[in-house]
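To start, the structure under review is shown below, and the notes come after it.
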Amino acid sequence: QSVDPFDLVIFGGTGDLALRKLLPALFHRFLDGQIPGSSRIVGIARETLDDAGYRAQLREALIGICDARQLDVFLQQVFYRPLDARKDEGWDDFAALIGSEPEHVRVFYLSTSPELFVDICTRLGHYKLNEGASRVVLEKPIGRDLASANQINDAVGKVFSESQTFRIDHYLGKETVQNLLVLRFGNALFEPLWNAGHIDHVQITVAETLGVGHRGSYYDRAGALRDMVQNHMLQLLCMVAMEPPSSLAPDAVRDEKLKVLHSLKPIDESNVSQLTVRGQYRAGVADGASVPGYPEELGNNKSNTETFVALKAEIANWRWAGVPFYLRTGKRLPSRVSEIAVTFKPVPHSIFGGDAGTLAQNRLVLRLQPDEGVKLWLTIKHPGPGGLRLRHVPLDMSFAEAFGVQQPDAYERLLLDVVRGNPTLFMRRDEVEAAWHWAGPILAAWADSGEPPRPYTAGSWGPSAAVALIERDGRTWNEDG
Ligand code: BG6
């Protein structure tokens with residue numbers, strides 16, 4: 001499905017996200033014929049570069065994707081302007097380049113530090129680039145706490161209306177996350193069981209093998225809770241836990257997610273030490289190579305920033321009362337794996353002898369990456385004579401195998417959703433606020449306690465306290481996939 005011609009302006013155009021994710025995503029859409037020839041992509045950063053210099057940078061970043069001929073055609077649609085959000089220079093020229101045709105879709109993607117969001121939006125407003133079919137995309141994290149998020153949202157809101165504002169959380173663009181909606185609401189099978197009566201607990205894991213690398217200056221001010229939990233992981237939790245929306249209309253979905261965020265039980269200084277574990281990696285082995293610890297990578301031995309979080313969340317409503325949602329995420333863990341695992345309660349009575357509790361529990365696992373897919377773990381009889389031997393086996397569906405297609409990157413879907421003006425998979429202002437409202441007291445309690453994060457060896461599953469967190473409840477982290 002093609003879209004009308006558009007201009008997409010990326011602030012932070014030479015940054016990590018632009019080069020690693022946004023431009024490759026746009027190039028893939030281009031290869032699929034979804035970027036009309038007269039559309040323009042404009043990179044903005046402070047570096048003094050011209051179009052040719054920027055194209056040369058992109059060429060290097062994108063050359064692996066496809067043959068050079070098509071890349072060159074794509075790059076003809078890419079431009080560059082050096083701009084500093086805090087200086088006047090160059091803005092007249094930029095505004096003239098973008099023009100003021102009200103019907104023409106103009107997307108301003110702010111892939112910069114959130115401290116610059118307000119300056120950039122104010123300038124865009126000054127040049128009336130916010131009018132007509134203009135949209136702004138705000139990259140996460142929006143602020144570093146509730147107060148700074150409000151400040152940003154207020155200031156951006158003076159220039160762009162809520163319907164023009166797309167707060168991106170790229171996890172919502174991941175194929176499996178959308179599939180969760182379809183699994184839950186396109187099948188009669190799960191929804192009757194999708195509650196505290198039948199679900200024992202939920203685990204959400206987002207594990208990465210990478211360290212913070214050259215993103216240290218951003219990361220050290222953020223940490224895993226702000227970087228991953230307040231946004232990506234809470235959004236996943238919402239998709240698992242929300243009530244059925246009446247349709248896929250943007251507000252129908254977002255209203256339901258918001259109710260989940262409002263129902264999260266507070267974690268604060270009274271319970272933070274029982275419900276959360278923070279860690280920081282030390283030197284070890286990751287992806288088969290020796291890697292330095294976080295303090296060495298950062299060049300700062302005193303950093304108290306966490307690179308790992310495990311926590312136990314609970315949702316105080318009728319559907320979920322008493323069902324723990326265990327979340328864990330970290331850098332430099334043994335493998336790159338993101339999944340949602342929903343474990344059902346044991347059968348009430350075993351007819352096979354022994355205690356019902358000894359029968360393996362059904363589990364539905366949605367793999368976000370790598371190898372996106374769904375597994376449903378069932379108990380069956382081991383084939384053949386020799387008595388009733390029970391086996392726990394997965395019905396396993398890999399999307400790549402089943403459909404023979406490479407899954408598109410989340411940004412491909414989301415960037416085109418912005419161009420089309422569809423905000424269903426973007427966060428509304430009140431969602432961001434509710435997420436900070438819950439995350440803020442955790443951050444405050446950690447800061448007050450003054451306790452440093454627990455060290456863990458790179459290439460391990462985090463501090464042993466994370467294992468203890470779930471084992472205290474008689475459960476273990478899912479390792480079967
Ligand atoms: C980003 C975080 O939002 O998500 C990064 O800032 C993290 O720290 C990344 O590495 C993970 O995304 P993905 O799609 O690779 O799981």
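The values are calculated or read from the model by the stated rules, or taken from the named source; none is laboratory data. Everything quoted here is computed from the prediction, not taken from an experiment. For neighbour counting, all protein chains shown are included, and Cβ atoms are generated from backbone atoms with ideal geometry for every residue, glycine included. Protein only, heavy atoms only, side chains kept; ligands, DNA and RNA dropped before computing areas. Shrake-Rupley method; radii C 1.70, N 1.55, O 1.52, S 1.80 Å.
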What is the one condition in (1) under 30 Å from G284 (Cβ atoms); (2) at pLDDT below 95 that L189 does not satisfy?
-> (1)
Being farther than 17 Å from V467 by Cα and away from the ligand (no atom under 14 Å from the Cβ) is the filter here, so list the residues in segment 327-347 that pass it.
-> V342, T343, F344, K345, P346, V347
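Determine, yes or no, whether D251 is under 30 Å from L414 (Cα atoms) and either of a type in the set (F, W, Y) or touching a Lys or Arg at 6+ places or on another chain (Cβ under 8 Å) (or both). Step through it out loud before you land on a result.
On the way: under 30 Å from L414 (Cα atoms): yes; either of a type in the set (F, W, Y) or touching a Lys or Arg at 6+ places or on another chain (Cβ under 8 Å) (or both): yes.
Yes.
Output the residues belonging to segment 147-179 that are among the hydroxyl-bearing types (S, T, Y), more than 16 Å from the ligand (Cβ to nearest atom) and buried (at least 17 other Cβ atoms within 10 Å of the Cβ). So that I can check it myself, show each step before the final result.
Taking segment 147-179 as the starting set, the residues that turn out to be among the hydroxyl-bearing types (S, T, Y) are 148, 161, 163, 165, 171, 176.
Next, from what is left, pick out any that are more than 16 Å from the ligand (Cβ to nearest atom): 148, 161, 163, 165.
The answer is T165, and nothing else.
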Considering only segment 208-249, state which residues are more than 20 Å from T305 (Cβ to Cβ) and either buried (at least 17 other Cβ atoms within 10 Å of the Cβ) or within 11 Å of the ligand (Cβ to nearest atom) (or both).
-> Q235, L236, L237, C238, M239, V240, A241, M242, P245
Can we say L364 is more than 16 Å from the ligand (Cβ to nearest atom) and of a type in the set (A, V, I, L, M)?
-> yes
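Report yes if E256 is of a type in the set (D, E, K, R), touching a residue at least 60 places away in the same chain (Cβ under 8 Å) and open to solvent by 10 Å² or more (accessible area, probe 1.4 Å), otherwise no.
Details: of a type in the set (D, E, K, R): yes; touching a residue at least 60 places away in the same chain (Cβ under 8 Å): no; open to solvent by 10 Å² or more (accessible area, probe 1.4 Å): yes.
Against the criterion (of a type in the set (D, E, K, R), touching a residue at least 60 places away in the same chain (Cβ under 8 Å) and open to solvent by 10 Å² or more (accessible area, probe 1.4 Å)), E256 does not qualify.
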Assuming V202 fulfils every condition listed in (1) in contact with a helix residue (DSSP H, G or I) (Cβ under 7 Å, 6 or more places away or on another chain); (2) assigned to a helix (DSSP H, G or I); (3) away from the ligand (no atom under 12 Å from the Cβ) apart from one, which condition is it?
-> (2)
Complete set of residues in segment 247-265 that are touching a strand residue (DSSP E or B) at 6+ places or on another chain (Cβ under 7 Å) and part of a helix (DSSP H, G or I) | V260, S263
Specify which of the listed residues (I199, I204, I267) is farther than 25 Å from P334 by Cα, in contact with a Lys or Arg (Cβ under 8 Å, 6 or more places away or on another chain) and open to solvent by less than 20 Å² (accessible area, probe 1.4 Å).
-> I199
Cβ-Cβ below 9 Å, separation at least six or inter-chain, first residue in segment 450-472 and free of Cβ contacts under 8 Å to residues at least 60 places away in the same chain, second assigned to a strand (DSSP E or B) and open to solvent by 70 Å² or more (accessible area, probe 1.4 Å): which pairs?
-> S464/R454
